[in-house]
Amino acid sequence: MLQEAQSAVSGISGADIATAAKYVAAGLCMGIGAIGPAIGEGLAAAHALDGMARQPEMQGALLRTMVLGQAITETTGIYSLLIAIVLLFVI
Amino acid sequence: MFEQLAELLTHLGEKRIAVVSLSGFEIRFDIMAIIMSWVVILLLVLLALVLRRGLRQPVEEKPTRTQAALDGLIGLLKSQLADNFASERLAIMMFPFVSTLFLYVLFSNWLGVVPYMMSPTQDINVTFSLALLVFFVSHVLAIRFNGPRRYLKGFVEPYAFMLPINLVGEIAKPLSHAFRLFGNILAGTILVTVVMVKFAPVVVPPVLQIFFGLFFGGIQAFVFAILAVAYINVAVEG
């Protein structure tokens, strides 16, 4: 009753609120979901650099393993991206 | 606001869906993805046919330019991909498959940079079929190398109650493999499109295209191929 009265005054319907919630959820999803992969990829790069500085002759193998590890770390970020895309465009 | 975003989505390559009815079943095809896949395939075949002319048989003292360049490419692929295989036999057997996969994904990613073209890999169905291909190849190889008995026994190791976890792990591999490529390419395309349509239509998009299209496309193609190598290795070694 109160809500109906409020929406009649402000002109904001439930669909508008749902749309706004979608955008907020997509933004939060990407923002929070990017923290973990960022830290993880940074750690991988830092330790690979450590190893390269200590043993420059191992650079090729270290670079390859680093890229592979970062790609796997990135997966969680990609999942949150997919959820954000689903929130924005599909639902 | 939502209409604008929906309009933006149409810029990302229009979806033209073809529906084929087959005795009650409806099969849907995304025409653009199929056409772009064929463009990539034709590009690769044409390149192979054209570049083959520059080769000399037998290999002489002084190779032609294309020969030297192709030697370099094959050497790079061998050192980056083939050396990661568990055994020499596996490497000889699977190197053509994995390098072809790499070249296909690389050209697919780079096709998105060409105007009026779109990457076939920004369609989930394309990446998923590639990932399923790797999945089936790895399991068939595992059965061939280890025999059906050891292959089945691998699912109940270390304990029998681990079976569901092992099964979920096997299913998650092609899923994450496909989503990784799809998500990366789609994210790059969305970002470039948003910048192009909303903020800066002139100078900035090419720079972003170079970064997201060429650089990330190359990295993701390499990651896709090397993950295929890793999955085949894990499946064969048990």
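Every number in this text was worked out from the coordinates using simple rules, so none of it is lab data. Here the structure is a predicted model, which means the values were calculated and not measured. All Cβ positions, even for glycine, are placed from backbone atoms using ideal geometry, and neighbour counts span all protein chains on display.
Would you point out the residue of region A:51-83, among those that are among the polar types (S, T, N, Q) and within 13 Å of another protein chain (Cβ to nearest Cβ), that is surrounded by the fewest Cβ atoms within 10 Å (Cβ to Cβ)? Step by step, filter region A:51-83, then rank; the result is A:59.
Just to be sure I understand, how many residues within region A:47-91 are under 18 Å from the mean Cα position of the chain (by Cα) and not β-branched (Val, Ile, Thr)? Residues flagged as under 18 Å from the mean Cα position of the chain (by Cα) and not β-branched (Val, Ile, Thr) within region A:47-91 amount to 13.
For region B:147-186, filtering for residues that are without any contact (Cβ under 8 Å) to a residue 12 or more places away in the chain and either among the hydrophobic types (A, V, I, L, M, F, W, C) or within 14 Å of chain A (Cβ to nearest Cβ) (or both) leaves 13.
Is at least one residue of region B:184-191 surrounded by fewer than 20 Cβ atoms within 10 Å (Cβ to Cβ) and either assigned to a helix (DSSP H, G or I) or touching a strand residue (DSSP E or B) at 6+ places or on another chain (Cβ under 7 Å) (or both)? Checked region B:184-191: at least one residue is surrounded by fewer than 20 Cβ atoms within 10 Å (Cβ to Cβ) and either assigned to a helix (DSSP H, G or I) or touching a strand residue (DSSP E or B) at 6+ places or on another chain (Cβ under 7 Å) (or both).
Scanning region B:72-97 for residues that are within 14 Å of another protein chain (Cβ to nearest Cβ) and of a type in the set (A, V, I, L, M) yields B:76, B:77, B:81, B:82. Of note, residue A:48 does not satisfy the criterion of being assigned to a helix (DSSP H, G or I), surrounded by 14 or more Cβ atoms within 10 Å (Cβ to Cβ) and within 11 Å of another protein chain (Cβ to nearest Cβ).
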